[in-house]
Amino acid sequence: MEPIRDLKLTRRNLLIAGAASASTMAVPLAGAQPSAANAPANDTHPSTVTSGVKFTVNGKPVALELDTRTSLLDALREHLHLTGSKKGCDQGQCGACTVIVDGRRINSCLSLAVMHEGAEITTIEGLGTPDKLHPMQAAFIKHDGYQCGYCTPGQICSAVSVIDEIRQGIPSHVTGDLNVKPLLSVDEIRERMSGNICRCGAYSNIVEAITEVAGGQTGGKA
Amino acid sequence: MKAFTYQRATSTAEAAASAARNPNTRFIAGGTNLLDLMKLEIETPAALIDVNGLGFDKIEPTPDGGLRVGALVRNTDLASDPRVRKDYAVLSRALLAGASTQLRNKATTAGNLLQRTRCPYFYDTNQPCNKRNPGSGCAAIGGFTRHHAVVGTSDACIATHPSDMAIAMRLLDADVETVRADGSMRTIPIADFHRLPGNIPHIETALEPGELIISVKLPKPLGGVHAYRKIRDRASYAFALVSVATVILPDGTGRVAVGGVAHKPWRVEAAEQQWSQGAKAVADRLMAGARTTEDNAFKVPLVHRTLAAAMADAKKG
């Protein structure tokens, strides 16, 4: 083994080497190569398959030809360049990718883009603009409902949906009486927002922001 | 993720026949569990059949006073349905205790029944797992087993079924209605739908190749006091350590089904015969033969105490 002092790796070289090995590793994933751990004896997988899909995003119709493996999140970010929706865990645990599809919030990372033919999709970019903020965006700024901001687009898409869900009378785990319309309380907001993780821990300010917006819309019930 | 062909099903019988002809096919509806497993290459279908267009998305009354829940009814819609909230509250409560709203908005009734264990050794493709790779062994046995099964286990597998909804379905004696590859229909009682692991833990349900769930039938309402108590490591959005579903009737009898303790929703009808003797008698019979480890021995007394709490609550009214 070479003595460690002979390894003349600069930080730059190390980064290049790292990138090279990362891209080498990515090749088998991009193609249809058998994976060592789980491949059946005779692999029947097709090579890359593409499929067309049309839906509307923030009111604009789009038509895409996509690898069938493309998640809705990747379609939005990589193909439509709507990078507001964030990829956090990519497995439905963090909620950073939350978007509103046909009036309901979903984790866009756990949904195939090609399954959304004809859907109406709203992302953070469709809720408001820097010049004309959605009331929830304004409330998050006012109440300091974020620190790094990475989870914020998902938090805001969820928060807007939470108010809508309570207005529709959809119950939650903390709703006391299932046969009575749920109230807009802090407990209800916290439970309903539990699918959106904020690693900076801005939760209490997020609850204040939602309470303010909901109060304005529901007559001050808190 | 492995590449796959994608098609939207337009006929139930054709979908079932096609899936049976091509064994490496999966049906997809909500996709919230399947896509996660496909990203990790634990599930590696070569073909996906999207069944969302087949129309099984309604909740309708049955002639015998029950409800027929379409396989595609989303968890949010099932939990919110006024008839379910009023007459099958334990089912609403179980659904609302599971996952997050984002997931419940996509997840379907049939998909919820078919979701796979969250055993971390099943998810870790570097580990042996008889469920993921039959015959490779079980890394969970002798590993960290806080979340694992304590009843109905085998030497091949100690994984739990993760569903909350299925616990309530088992309590209510629901029937799973399917279409088989030859186009015929059949009804599978929920008690027979999920399997214990035995020597073949990779076979998790009674479904045949290609067989497609089209609905779940709920018998006529039981009445009584319904409760679903879920004990977990945080107050929301976590899988159960133990969950206890109960329906307690005015005549002093009751039913109990338990989640988080077995490879399937755990209910022992003979234990319910002990109801008048109190929670300890019922839970002793329910959890008889439990095989625990240092990590998960707490689950047995936790079932006892949670059942006792549910029974005390019902008395209060």
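The values are calculated or read from the model by the stated rules, or taken from the named source; none is laboratory data. Computed from a predicted structure; not experimentally measured. Cβ placement follows ideal geometry from the backbone for every residue including glycine, while neighbour counts extend to all protein chains displayed.
Test B:VAL282 against the criterion of being of a type in the set (Val, Ile, Thr), buried (at least 21 other Cβ atoms within 10 Å of the Cβ), modelled with pLDDT of 95 or more and within 30 Å of B:ARG104 (Cα to Cα), and give yes or no.
no
Restricting attention to region B:77-106, the residues that are of a type in the set (A, V, I, L, M) and in contact with a strand residue (DSSP E or B) (Cβ under 8 Å, 6 or more places away or on another chain) total 8. For A:GLY169, the stated conditions do not hold, so it cannot be described as closer than 23 Å to B:LEU35 by Cα and touching a Pro at 6+ places or on another chain (Cβ under 8 Å). Test B:ILE188 against the stated conditions and say whether it is in contact (Cβ under 8 Å) with a residue 24 or more places away in the chain and either among the hydrophobic types (A, V, I, L, M, F, W, C) or surrounded by fewer than 16 Cβ atoms within 10 Å (Cβ to Cβ) (or both). No: the conditions fail for B:ILE188.
Go over the candidates A:THR50, A:THR68 one by one and state the one that is in contact (Cβ under 8 Å) with a residue 12 or more places away in the chain, within 11 Å of another protein chain (Cβ to nearest Cβ), surrounded by fewer than 17 Cβ atoms within 10 Å (Cβ to Cβ) and touching a strand residue (DSSP E or B) at 6+ places or on another chain (Cβ under 7 Å). Quick ask: steps written out before the conclusion?
On the way: A:THR68 fails: surrounded by fewer than 17 Cβ atoms within 10 Å (Cβ to Cβ).
Every option except A:THR50 fails the conditions.
When B:ILE141 is tested against (1) over 26 Å from A:ARG104 (Cα atoms); (2) touching a Leu at 6+ places or on another chain (Cβ under 9 Å), exactly one condition is not met: (2). Scanning region A:152-187 for residues that are surrounded by 17 or more Cβ atoms within 10 Å (Cβ to Cβ), in contact (Cβ under 8 Å) with a residue 24 or more places away in the chain and within 13 Å of another protein chain (Cβ to nearest Cβ) returns A:GLY154, A:GLN155, A:CYS157, A:SER158, A:ALA159, A:VAL160, A:SER161, A:VAL162, A:ILE163, A:GLU165, A:ILE166. Among the criteria (1) assigned to a loop (DSSP other than H, G, I, E, B); (2) in contact with a Cys (Cβ under 7 Å, 6 or more places away or on another chain), the one B:PHE122 does not fulfil is (1). Has region B:209-224 got any residue that is without any contact (Cβ under 8 Å) to a residue 24 or more places away in the chain and of a type in the set (A, V, I, L, M)? No, region B:209-224 contains no residue that is without any contact (Cβ under 8 Å) to a residue 24 or more places away in the chain and of a type in the set (A, V, I, L, M). Taken over region A:101-122, the criterion of being more than 7 Å from every other protein chain (Cβ to nearest Cβ) and surrounded by fewer than 24 Cβ atoms within 10 Å (Cβ to Cβ) is satisfied by A:VAL101, A:ASP102, A:GLY103, A:HIS116, A:GLU117, A:GLY118, A:ALA119, A:GLU120, A:THR122. Determine, yes or no, whether B:THR109 is at pLDDT 95 or above, in contact with a strand residue (DSSP E or B) (Cβ under 6 Å, 6 or more places away or on another chain) and surrounded by fewer than 24 Cβ atoms within 10 Å (Cβ to Cβ). Considered against the rule, which asks whether it is at pLDDT 95 or above, in contact with a strand residue (DSSP E or B) (Cβ under 6 Å, 6 or more places away or on another chain) and surrounded by fewer than 24 Cβ atoms within 10 Å (Cβ to Cβ), B:THR109 comes out as no.
Kindly indicate whether A:VAL62 is more than 30 Å from A:SER158 (Cα to Cα), modelled with pLDDT of 95 or more and not acidic (Asp, Glu). Answer is no for this residue.
Counting only strands (runs of 3 or more DSSP E) that sit completely within region B:1-104, those holding 1 or more residues that are within 7 Å of chain A (Cβ to nearest Cβ) and modelled with pLDDT of 95 or more correspond to B:5-8, B:47-50.
The residue that is nearest to the chain's Cα centre (by Cα), counting only those in region B:228-239 that are part of a loop (DSSP other than H, G, I, E, B) and either basic (Lys, Arg) or surrounded by 24 or more Cβ atoms within 10 Å (Cβ to Cβ) (or both), is B:ARG232. Taken over region B:211-227, the criterion of being within 15 Å of B:ALA16 (Cβ to Cβ) and either assigned to a strand (DSSP E or B) or in contact with an Asp or Glu (Cβ under 9 Å, 6 or more places away or on another chain) (or both) is satisfied by B:LEU212, B:ILE213, B:ILE214, B:SER215. The requirement of being surrounded by 21 or more Cβ atoms within 10 Å (Cβ to Cβ), among the aliphatic types (A, V, I, L, M) and within 12 Å of chain B (Cβ to nearest Cβ) is not satisfied by A:ILE210. Within the bounds of region A:75-82, is there any residue that is within 14 Å of chain B (Cβ to nearest Cβ), in a loop (DSSP other than H, G, I, E, B) and buried (at least 22 other Cβ atoms within 10 Å of the Cβ)? No, region A:75-82 contains no residue that is within 14 Å of chain B (Cβ to nearest Cβ), in a loop (DSSP other than H, G, I, E, B) and buried (at least 22 other Cβ atoms within 10 Å of the Cβ). Among the residues of region A:102-112, at least one is touching a residue at least 60 places away in the same chain (Cβ under 8 Å), more than 24 Å from A:THR50 (Cα to Cα) and either in a loop (DSSP other than H, G, I, E, B) or touching a helix residue (DSSP H, G or I) at 6+ places or on another chain (Cβ under 6 Å) (or both).
Across region B:112-124, the qualifying residues are those that are away from chain A (no Cβ under 13 Å) and closer than 30 Å to A:LEU178 by Cα, and the one among them that is surrounded by the most Cβ atoms within 10 Å (Cβ to Cβ) is B:ASN112. Can you name the residue in region B:125-174 that is buried (at least 19 other Cβ atoms within 10 Å of the Cβ) and among the charged types (D, E, K, R) and, of all such residues, is farthest from the other protein chains (Cβ to nearest Cβ)? Ranking the qualifying residues of region B:125-174, first place goes to B:ARG170.
Set side by side, the residues A:PRO130, A:PRO171 differ, and just one is of a type outside the set (Gly, Ala, Ser) and either closer than 18 Å to A:VAL101 by Cβ or at pLDDT 95 or above (or both), which is A:PRO171.
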